[in-house]
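Visitor: Handing you a structure now.
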Amino acid sequence: MSDTLTGVAVVGSANLDLVVEVSRPPLVGETLLGRAGGRFSGGKGLNQAVACARSGAPTRFCAVVGADEAADVLQQTLADAGVVTVVRRSAVAPTGVAHVLAFEDGDNSIIVAAGANAELDADDAVAGTGGAAVVLAQLEVPVASVAAALRAGRAAGALTILNAAPAHAATIEMLGDVDVLVVNETECAELGGIDRLHAAGARIIVLTQGAGGVTLHRTDERPLHIDAFQIDPVDTTGAGDAFCGALAAALSQGERIEQALVRACAAGAVVAQHRGATTSKLSPASIAALVLSR
């Protein structure tokens, strides 16, 4: 990672999350009554950018939104978190929307309508990465654009992080430009498992396991497991994204990956204790307090 590069560039999705609180998932053909949980800014890209900035790293965010009121809500969330935006407004597609079913135990199910996210092209992605020490991307936007962002980051000397969510077969072809791959257990299985990912070029794999913590897999080294923080979750919608954003922030600040993962777990735990995918309660201080409490 070059000394002339600073901060984190996040390339990804931006959605307005519409949350409904329900006791269980609906059956096919069933109308299930729930309670309105509110409207929140979301999308993996936006969530991770906000978490990165609130974790203390200079952050900019590259995305495409619609020319609508939902986009104004998202822009305000980014501004409040201190994220510099490189956001294009589509003249034809609406801002992406996620419909979130929030269950009583803190888990959730999500349906996403991509909207303007599908218009993020390679030129948008590459323009958003210049000068960053870390480039972080996910797979809720076109995979060709993600690949372009990772290539550009690697060529410029940045550390590249791919959160392969949702799982996509094209991940395998991108691994040559990925320094750190973050996947959950389901995504890892869909991509063929740890051994296949290593064989395809992933040197560092971070396997997230929810309440089971995370496991760091490095080529030719023993796996390192890090326990999750014990909390009473309120809403886990943004916990994984907070983890990724805080991980990118810590690595951009020169942390060793072992310590960066502890900070990332703490960030996920902070966010999971609040409703919505982002929260102003996430800060370097709240992360440090949780780490010190262990």
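The values are calculated or read from the model by the stated rules, or taken from the named source; none is laboratory data. In this text, all values refer to a predicted model and were calculated from it rather than measured experimentally. Glycine also receives a Cβ, built like all others from the backbone with ideal geometry; neighbour counts cover every protein chain displayed. Keep in mind that these areas ignore ligands, DNA and RNA; they rest on the heavy atoms of the full protein, side chains included. Shrake-Rupley method; radii C 1.70, N 1.55, O 1.52, S 1.80 Å.
Visitor: Is there a residue in the stretch 19-31 that is part of a helix (DSSP H, G or I) and open to solvent by 10 Å² or more (accessible area, probe 1.4 Å)? Working first, answer last.
Guide: Going residue by residue through the stretch 19-31, those that are part of a helix (DSSP H, G or I) are none.
Within the stretch 19-31, none of the residues are part of a helix (DSSP H, G or I) and open to solvent by 10 Å² or more (accessible area, probe 1.4 Å).
Visitor: If a residue must be assigned to a loop (DSSP other than H, G, I, E, B), of a type in the set (A, V, I, L, M, F, W, C) and open to solvent by 30 Å² or more (accessible area, probe 1.4 Å), how many such residues does the stretch 219-237 contain?
Guide: Final tally of qualifying residues: 2.
Visitor: Scan the stretch 187-218 for residues that are open to solvent by 30 Å² or more (accessible area, probe 1.4 Å), among the small types (Gly, Ala, Ser) and on the phi < 0 side of the Ramachandran plot and report the count.
Guide: 5
Visitor: Going by the conditions given, is residue 38 part of a helix (DSSP H, G or I) and in contact with a strand residue (DSSP E or B) (Cβ under 6 Å, 6 or more places away or on another chain)?
Guide: For residue 38, the condition - part of a helix (DSSP H, G or I) and in contact with a strand residue (DSSP E or B) (Cβ under 6 Å, 6 or more places away or on another chain) - is not met.
Visitor: Give me the pairs, please: first residue somewhere in the stretch 1-24 and basic (Lys, Arg), second residue anywhere and surrounded by fewer than 24 Cβ atoms within 10 Å (Cβ to Cβ) and at pLDDT 90 or above, beta-carbon distance under 8 Å, and either six or more positions apart or on two chains.
Guide: Every condition considered, the pairs that remain are 24/32.
Visitor: Scanning for something under 19 Å from residue 137 (Cα atoms) and not aliphatic (A, V, I, L, M), does the stretch 221-236 turn up at least one residue?
Guide: From the stretch 221-236, those under 19 Å from residue 137 (Cα atoms) are none; that's our starting set.
No: the stretch 221-236 contains no residue that is under 19 Å from residue 137 (Cα atoms) and not aliphatic (A, V, I, L, M).
Visitor: All but one of (1) outside any helix (DSSP H, G or I); (2) more than 16 Å from residue 15 (Cα to Cα) hold for residue 89; state the number of the condition that does not hold.
Guide: With respect to (1) outside any helix (DSSP H, G or I); (2) more than 16 Å from residue 15 (Cα to Cα), residue 89 is out only on (2).
Visitor: Right, something else. If I ask for residues that are among the small types (Gly, Ala, Ser) and outside any helix (DSSP H, G or I), which ones from the stretch 279-294 would you list? Even if it seems obvious, please write down each step before you answer.
Guide: So in the stretch 279-294, the residues among the small types (Gly, Ala, Ser) come out as 280, 283, 285-286, 288-289, 293.
Within the stretch 279-294, 280, 283 meet the criteria.
Visitor: Checking the conditions here, which among 151, 203 is basic (Lys, Arg) and under 27 Å from residue 266 (Cβ atoms)? Full working, then the answer.
Guide: Values: 151 fails: under 27 Å from residue 266 (Cβ atoms).
That would be 203, the only listed residue that is basic (Lys, Arg) and under 27 Å from residue 266 (Cβ atoms).
Visitor: Then there's this: For the stretch 126-133, indicate whether the set of residues that are at pLDDT 95 or above and buried (at least 21 other Cβ atoms within 10 Å of the Cβ) is non-empty.
Guide: Yes, the stretch 126-133 contains a residue that is at pLDDT 95 or above and buried (at least 21 other Cβ atoms within 10 Å of the Cβ).
Visitor: Collect the residues in the stretch 238-278 that are in contact (Cβ under 8 Å) with a residue 12 or more places away in the chain and not in a helix (DSSP H, G or I), keeping them in residue-number order.
Guide: Selection gives 238, 253, 273, 274, 275, 276, 277, 278.
Visitor: Cβ-Cβ distance below 8 Å, separation of 6 or more or different chains: which pairs start in the stretch 194-212 with a residue that is modelled with pLDDT of 95 or more and end on one that is open to solvent by less than 50 Å² (accessible area, probe 1.4 Å) and among the aromatic types (Phe, Trp, Tyr)?
Guide: 208/243
Visitor: Let me ask something else. Across the stretch 276-290, what is the number of residues that are closer than 16 Å to residue 261 by Cα and open to solvent by 40 Å² or more (accessible area, probe 1.4 Å)?
Guide: Of the residues in that region, 3 qualify.
Visitor: I need a count of the residues in the stretch 41-82 that are surrounded by 24 or more Cβ atoms within 10 Å (Cβ to Cβ), in a strand (DSSP E or B), touching a residue at least 60 places away in the same chain (Cβ under 8 Å) and not hydroxyl-bearing (Ser, Thr, Tyr).
Guide: 5
Visitor: Within the stretch 90-97, is even one residue touching a residue at least 60 places away in the same chain (Cβ under 8 Å) and more than 22 Å from residue 52 (Cβ to Cβ)? Quick ask: steps written out before the conclusion?
Guide: Keep residues of the stretch 90-97 that are touching a residue at least 60 places away in the same chain (Cβ under 8 Å), which gives 95-97.
Now narrow it down to the ones that are more than 22 Å from residue 52 (Cβ to Cβ): 97.
Checking the stretch 90-97: at least one residue is touching a residue at least 60 places away in the same chain (Cβ under 8 Å) and more than 22 Å from residue 52 (Cβ to Cβ).
Visitor: If you don't mind, another one. Taking the condition free of Cβ contacts under 8 Å to residues at least 40 places away in the same chain and under 18 Å from the mean Cα position of the chain (by Cα), does residue 138 pass?
Guide: No: the conditions fail for residue 138.
Visitor: Going by the conditions given, is residue 105 among the acidic types (Asp, Glu), modelled with pLDDT under 95 and part of a loop (DSSP other than H, G, I, E, B)?
Guide: When the stated conditions are applied, residue 105 passes them.
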